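Student: One structure is given below, represented as structure tokens, and several questions about it will come after.
The values are calculated or read from the model by the stated rules, or taken from the named source; none is laboratory data. Predicted model, so just to flag it, every value in this text is computed and none were measured. Ideal geometry is used to build each Cβ from the backbone, glycine not excepted, and the neighbour counts take in all protein chains shown.
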Amino acid sequence: MKFLDLLERSVIVQSLLPLLFGGTCCTLWVCGYEAPEALLHLTWAGVAFWMGTKVQHSVDTRRQSRYDH
């Protein structure tokens, strides 16, 4: 049931995309290629969005716990 909840909130997709983009950039770097600038921008945007949603979830959880007491 928890997997379906995470999939519904797109947590899995939000986590996999930055990992996929970052892994691709690292693989290109290790193989001696330069990552395209667009891929680097997508990587940073994905990481920033992912971290932003984590912070917002934390803020929402703390706010909700204050109202519950």
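Student: Tell me which residues, restricted to the stretch 12-42, are in contact with a Ser or Thr (Cβ under 8 Å, 6 or more places away or on another chain) and in contact (Cβ under 8 Å) with a residue 24 or more places away in the chain.
Tutor: Gln14, Pro18, Phe21, Gly22
Student: Just give me the residues in the stretch 43-69 being polar (S, T, N, Q) and free of Cβ contacts under 8 Å to residues at least 12 places away in the same chain, in sequence order.
Tutor: Within the stretch 43-69, Gln56, Ser58, Thr61, Gln64, Ser65 meet the criteria.
Student: Taking only the stretch 46-64 into account, find how many residues are of a type in the set (D, E, K, R) and surrounded by 11 or more Cβ atoms within 10 Å (Cβ to Cβ).
Tutor: Taking the stretch 46-64 as the starting set, the residues that turn out to be of a type in the set (D, E, K, R) are 54, 60, 62-63.
Filter once more, keeping what is surrounded by 11 or more Cβ atoms within 10 Å (Cβ to Cβ): 54.
So the count comes out to 1.
Student: If you don't mind, another one. Regarding the stretch 11-30, can at least one residue be identified that is out of contact with any His (no Cβ under 7 Å at 6 or more places or on another chain), modelled with pLDDT of 95 or more, exposed (fewer than 11 other Cβ atoms within 10 Å of the Cβ) and not hydrophobic (A, V, I, L, M, F, W, C)?
Tutor: No, the conditions are met nowhere in the stretch 11-30.
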